[in-house]
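Chemist: I am attaching a structure below and will ask some questions about it afterwards.
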Amino acid sequence: MSNFNSEVARLDALRTANGSAWNAINPESAARMRLQNRFQTGLDIARYTAAIMRADMADYDADSSKYTQSLGCWHGFIGQQKLISIKKHFNSTDKRYLYLSGWMIAALRSDFGPLPDQSMHEKTSVPALIEELYTFLRQADARELGGLFRDIDAAREAGDSAAEAAAQAKIDNFQTHVVPIIADIDAGFGNAEATYLLAKKMIEAGACAIQIENQVSDEKQCGHQDGKVTVPHEDFLAKIRAVRYAFLELGVDDGVIVARTDSLGAGLTKQIAYTNQPGDLGDQYNSFLDCEEVAPADLLNGDVVLNRDGKLLRPKRLPSNLFQFRQGTGEDRCVLDSITSLQNGADLLWIETEKPHIGQIAGMVNRIREVVPNAKLVYNNSPSFNWTLSFRQQVFDAWSEAGKDVSAYDRASLMSADYDETELALEADNRIRTFQADAAREAGIFHHLITLPTYHTAALSTDNLAKEYFGAAGMLGYVAGVQRKEIRQGIACVKHQNMAGSDIGDDHKEYFAGEAALKAGGKDNTMNQFANI
């Protein structure tokens, strides 16, 4: 960000160069507006945040304790409040991102209403949400800087040069709320050309990192649901290349591609891969098919057969016209998917698992790193997992294997609240607490995200408010359960007029109209009741 005084001087020179017609323009007011709008386009944001991610990836390669995190957001306001909270509590946005979840767009942002995560929503809603998120983050910049400019004005009025210098130093060292967004493009919403076109829109909106999965676009399922269908590697690699070309065309040379494999839970494929010779990528994909050896006389009408090592093999084909993989091949397919993705242009991996188990993840990552030593993962700390039950069972199993007496526990009922204060439950909670750091160290996870947290927190907080407000507590349900907590915790949103941009608008009115400005922030504004918060 430019130094405040140097920007004022630059604009003062520009005003002078334009003669008397610009006499009414105040260079300092223009400089304030300029600094409040640092990013002019989404491409400015994509280039800025791509550099952040690349630096963070290098930091992680040098020290696995320097992993990154994000939370999924379904509205610009949610993303804005998250970053305001991060700056308030940690004084830095370092290594903290946003995640844009296709699941939440489908469930919350489609004109069709709530939809399952099956790529049925409007694909244009993806870049629209990216743009919305960055609009709110830029407004958070403008709001915070506006407060600092007001501090300068107050210091000048009081003749306090030290306070003025302190406010100016904060402006010159201001840390933006704009952070990287990892954006979900699902399976690309069509062929490689469709993927390229959508990727361009996402990048133009500000995305520096695009996550794409190896499912069939028109059969796409949520990674934690059944019925997933993968595509041959060459089909997926064409889409990875399409995203890279989109980044390069738009001048985001260090854009990040996250290649997601759903093979662990996907038992089906729509296509038999094209193969030229034994052992090539297509042949490796086909080697996982569930086949039976047949003789020519055994062939039925419409059968599809493979010739492997002089044998005729008939892949198992379902009435849906999909082909089935052999049971137990998921991990091998994930490893092959991951290696080929990294060897063909992807930067990060995402392996969708059915449970949060460090040993399972590390087992695959170690195999991948035998071929690609610096392989790194983005991992979904999913709300689809029952974290409490999973980790209590993991502790139960570890203790059993170590010979510790677990007779006081029923493994099938470990979710019961009766166990909440037990030694086993406390150990499980501790493992949940350290899961991200442990997995970053042991399983190559560079970025931890929770896809749907704000979906669940919105439901939970609304349930609590509705129970109290419409019940015996009445208005106290809101006052004690919301507003008083906002005040006590210093939640900026308690001044909701300010948060919505009222003070920014007042500043602009004064810049444009001077003493004639009709401003909203006068003595009769009820937000003054929160002036000292």
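The values are calculated or read from the model by the stated rules, or taken from the named source; none is laboratory data. What you see is a predicted model; the values in this text were computed from it and never measured. Note that we place each Cβ from the backbone using ideal geometry, even for glycine, and neighbour counts take in every protein chain shown.
Rundown of residues vs (1) surrounded by 16 or more Cβ atoms within 10 Å (Cβ to Cβ); (2) of a type outside the set (G, A, S), yes/no style:
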| position | (1), (2) |
| --- | --- |
| L460 | no, yes |
| N464 | no, yes |
| Y469 | yes, yes |
| V479 | no, yes |
| V482 | yes, yes |
| K485 | no, yes |
| G522 | no, no |
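Chemist: Now, a different point. Out of everything in the range 306-337 that is in a loop (DSSP other than H, G, I, E, B) and either of a type in the set (D, E, K, R) or in contact with a Pro (Cβ under 8 Å, 6 or more places away or on another chain) (or both), what residue ends up being farthest from G265 (Cα to Cα)? So that I can check it myself, show each step before the final result.
Modeler: Filtering the range 306-337 down to residues in a loop (DSSP other than H, G, I, E, B) leaves 309-310, 316, 318-322, 326-329.
Still in the running and either of a type in the set (D, E, K, R) or in contact with a Pro (Cβ under 8 Å, 6 or more places away or on another chain) (or both): 309, 316, 326.
Numbers: D309: 29, K316: 18, R326: 12 Å.
Out of the qualifying residues, it is D309.
Chemist: Shifting gears a bit: Please determine whether any residue of the range 364-376 is in contact with a Gly (Cβ under 9 Å, 6 or more places away or on another chain), at pLDDT below 95 and not β-branched (V, I, T).
Modeler: No - not one qualifying residue is present in the range 364-376.
Chemist: For L264, indicate whether it is under 23 Å from the mean Cα position of the chain (by Cα), hydrophobic (A, V, I, L, M, F, W, C) and either closer than 25 Å to G102 by Cβ or outside any loop (DSSP other than H, G, I, E, B) (or both).
Modeler: Working: under 23 Å from the mean Cα position of the chain (by Cα): yes; hydrophobic (A, V, I, L, M, F, W, C): yes; either closer than 25 Å to G102 by Cβ or outside any loop (DSSP other than H, G, I, E, B) (or both): yes.
In short, yes.
Chemist: I've got another one for you. Residues in the range 246-291 that are farther than 15 Å from D337 by Cβ, touching a Gly at 6+ places or on another chain (Cβ under 7 Å) and at pLDDT 95 or above: how many?
Modeler: Summing the residues that are farther than 15 Å from D337 by Cβ, touching a Gly at 6+ places or on another chain (Cβ under 7 Å) and at pLDDT 95 or above in the range 246-291 gives 1.
Chemist: Related question: Within the set of pairs 6 or more residues apart or between chains, which connect a residue that is under 15 Å from L336 (Cα atoms) inside the range 365-389 to a residue that is of a type in the set (V, I, T) and surrounded by fewer than 20 Cβ atoms within 10 Å (Cβ to Cβ) with Cβ atoms less than 6 Å apart?
Modeler: Qualifying pairs under 6 Å: I368/I339; V371/I339.
Chemist: Could you please find all residues in the range 380-424 being part of a helix (DSSP H, G or I) and among the hydroxyl-bearing types (S, T, Y)? Even if it seems obvious, please write down each step before you answer.
Modeler: Just the residues of the range 380-424 that are part of a helix (DSSP H, G or I), to begin with: 387-401, 411-413, 417-419, 423-424.
Across the range 380-424, the qualifying residues are T388, S390, S400, S413, Y419.
Chemist: Report yes if some residue within the range 317-327 is touching a His at 6+ places or on another chain (Cβ under 8 Å) and crowded, with 17+ Cβ neighbours inside 10 Å; otherwise report no. Walk me through how you get there before you give the answer.
Modeler: Of all residues in the range 317-327, those touching a His at 6+ places or on another chain (Cβ under 8 Å) come to none.
Taking every residue of the range 317-327 in turn, none turns out to be touching a His at 6+ places or on another chain (Cβ under 8 Å) and crowded, with 17+ Cβ neighbours inside 10 Å.
Chemist: Considering only the range 213-232, how many residues are out of contact with any Asp or Glu (no Cβ under 9 Å at 6 or more places or on another chain) and at pLDDT below 90? Let's see the steps before the verdict.
Modeler: Initially, the range 213-232 is screened for residues out of contact with any Asp or Glu (no Cβ under 9 Å at 6 or more places or on another chain), giving 218-219, 226, 231-232.
From the residues that got through so far, the ones that are at pLDDT below 90 too are 218-219, 226.
Counting residues in the range 213-232 that are out of contact with any Asp or Glu (no Cβ under 9 Å at 6 or more places or on another chain) and at pLDDT below 90 gives 3.
Chemist: Take E219 and decide whether it is farther than 30 Å from R32 by Cα, buried (at least 24 other Cβ atoms within 10 Å of the Cβ) and among the acidic types (D, E).
Modeler: Working: farther than 30 Å from R32 by Cα: yes; buried (at least 24 other Cβ atoms within 10 Å of the Cβ): no; among the acidic types (D, E): yes.
Judged against the criteria, E219 is not a match.
Chemist: Same structure again: Check whether at least one residue in the range 141-161 is at pLDDT 95 or above and within 30 Å of S341 (Cα to Cα), and report yes or no.
Modeler: Looking for residues that are at pLDDT 95 or above and within 30 Å of S341 (Cα to Cα), one finds none in the range 141-161, hence no.
Chemist: Going by the conditions given, is L35 among the aliphatic types (A, V, I, L, M) and within 23 Å of R156 (Cβ to Cβ)? Step through it out loud before you land on a result.
Modeler: On the way: among the aliphatic types (A, V, I, L, M): yes; within 23 Å of R156 (Cβ to Cβ): yes.
So L35 fits the description; yes.
Chemist: If you take the residues in the range 494-510 that are among the hydrophobic types (A, V, I, L, M, F, W, C) and not in a loop (DSSP other than H, G, I, E, B), which one is modelled with the lowest pLDDT? Steps first, answer last, please.
Modeler: Filtering the range 494-510 down to residues among the hydrophobic types (A, V, I, L, M, F, W, C) leaves 494, 499-500, 504.
With not in a loop (DSSP other than H, G, I, E, B) added as a condition, the list becomes 494, 499, 504.
Numbers: V494: 89, M499: 86, I504: 90.
Here the answer is M499.
Chemist: Under 9 Å between Cβ atoms, which residue pairs at least 6 apart in sequence (or on different chains) link something in the range 266-295 that is within 17 Å of G310 (Cβ to Cβ) and among the charged types (D, E, K, R) with a partner that is modelled with pLDDT of 90 or more and not in a loop (DSSP other than H, G, I, E, B)?
Modeler: Listed by first residue and then by second, the contacts come to E292/L313; E292/R314; E292/P315; E293/K311; E293/L312; E293/L313; E293/R314.
Chemist: Next question. Tell me, which residue of the range 511-533 that is of a type outside the set (A, V, I, L, M), in contact (Cβ under 8 Å) with a residue 24 or more places away in the chain and part of a helix (DSSP H, G or I) is farthest from A24 (Cα to Cα)?
Modeler: Selected residue: F530.
Chemist: Right, here's the next one. Pick out, from the range 94-203, the helices (runs of 4 or more DSSP H) lying fully within it that include 2 or more residues that are loosely packed, with under 15 Cβ neighbours inside 10 Å and out of contact with any Phe, Trp or Tyr (no Cβ under 6 Å at 6 or more places or on another chain). Break it down into steps so the answer makes sense when it comes.
Modeler: Working: elements: 102-108, 125-158, 161-172.
Result: 125-158, 161-172.
Chemist: Restricting attention to the range 421-442, which residues are charged (D, E, K, R), free of Cβ contacts under 8 Å to residues at least 12 places away in the same chain and surrounded by 12 or more Cβ atoms within 10 Å (Cβ to Cβ)? Show your work before the answer.
Modeler: To start, the set of residues in the range 421-442 that are charged (D, E, K, R) comprises 421, 423, 427, 429, 431, 433, 438, 441-442.
Still in the list and also free of Cβ contacts under 8 Å to residues at least 12 places away in the same chain: 421, 423, 433.
Scanning the range 421-442 gives a single hit, E423.
Chemist: Could you go through the range 39-52 and let me know if any residue there is more than 26 Å from L248 (Cα to Cα), in a helix (DSSP H, G or I), at pLDDT 95 or above and not aromatic (F, W, Y). Spell out the reasoning first.
Modeler: From the range 39-52, those more than 26 Å from L248 (Cα to Cα) are none; that's our starting set.
For the range 39-52, residues more than 26 Å from L248 (Cα to Cα), in a helix (DSSP H, G or I), at pLDDT 95 or above and not aromatic (F, W, Y): absent.
Chemist: So, one more: Which of (1) touching a Cys at 6+ places or on another chain (Cβ under 9 Å); (2) over 21 Å from S85 (Cβ atoms) is the odd one out, the single condition L129 does not satisfy?
Modeler: Condition not satisfied by L129: (2).
Chemist: Kindly check whether there is at least one residue in the range 276-292 that is under 27 Å from the mean Cα position of the chain (by Cα) and either assigned to a loop (DSSP other than H, G, I, E, B) or closer than 28 Å to V243 by Cα (or both).
Modeler: Step one: of the range 276-292, the residues under 27 Å from the mean Cα position of the chain (by Cα) are none.
No, because not a single residue in the range 276-292 is under 27 Å from the mean Cα position of the chain (by Cα) and either assigned to a loop (DSSP other than H, G, I, E, B) or closer than 28 Å to V243 by Cα (or both).
Chemist: A further question on this structure: Scanning for something under 41 Å from the mean Cα position of the chain (by Cα), in a loop (DSSP other than H, G, I, E, B) and either of a type in the set (K, R) or under 23 Å from E131 (Cα atoms) (or both), does the range 4-19 turn up at least one residue?
Modeler: Looking through the range 4-19, none of the residues is under 41 Å from the mean Cα position of the chain (by Cα), in a loop (DSSP other than H, G, I, E, B) and either of a type in the set (K, R) or under 23 Å from E131 (Cα atoms) (or both).
Chemist: Same structure again: When both residues are 6+ apart or on different chains and their Cβ atoms are under 9 Å apart, which pairs have a first residue that lies in the range 300-325 and is of a type in the set (D, E), and a second that is in a loop (DSSP other than H, G, I, E, B) and surrounded by fewer than 12 Cβ atoms within 10 Å (Cβ to Cβ)?
Modeler: Between residues of the range 300-325 that are of a type in the set (D, E) and residues that are in a loop (DSSP other than H, G, I, E, B) and surrounded by fewer than 12 Cβ atoms within 10 Å (Cβ to Cβ), the close pairs are D309/P278.
Chemist: Turning to a different aspect of this structure: Name the single residue that is modelled with the highest pLDDT among those in the range 61-92 being small (G, A, S), part of a helix (DSSP H, G or I) and out of contact with any strand residue (DSSP E or B) (no Cβ under 8 Å at 6 or more places or on another chain).
Modeler: Here is the first cut: in the range 61-92, the ones small (G, A, S) are 62, 64-65, 70, 72, 76, 79, 85, 92.
Those still in the list that are part of a helix (DSSP H, G or I) too: 62, 76, 79, 85.
Okay, now just the ones that are also out of contact with any strand residue (DSSP E or B) (no Cβ under 8 Å at 6 or more places or on another chain), so 62, 76, 85.
Details: A62: 98, G76: 95, S85: 95.
Only one residue tops the list, namely A62.
Chemist: Residue under question is R431, and the condition is that it be closer than 30 Å to A58 by Cα, assigned to a helix (DSSP H, G or I) and of a type in the set (D, E, K, R); does it hold? Before the answer, list the steps.
Modeler: On the way: closer than 30 Å to A58 by Cα: yes; assigned to a helix (DSSP H, G or I): yes; of a type in the set (D, E, K, R): yes.
It is true that R431 is closer than 30 Å to A58 by Cα, assigned to a helix (DSSP H, G or I) and of a type in the set (D, E, K, R).
Chemist: Residue by residue through the range 246-277, note down the ones that are touching a helix residue (DSSP H, G or I) at 6+ places or on another chain (Cβ under 6 Å) and hydroxyl-bearing (S, T, Y).
Modeler: T261, S263, Y274, T275
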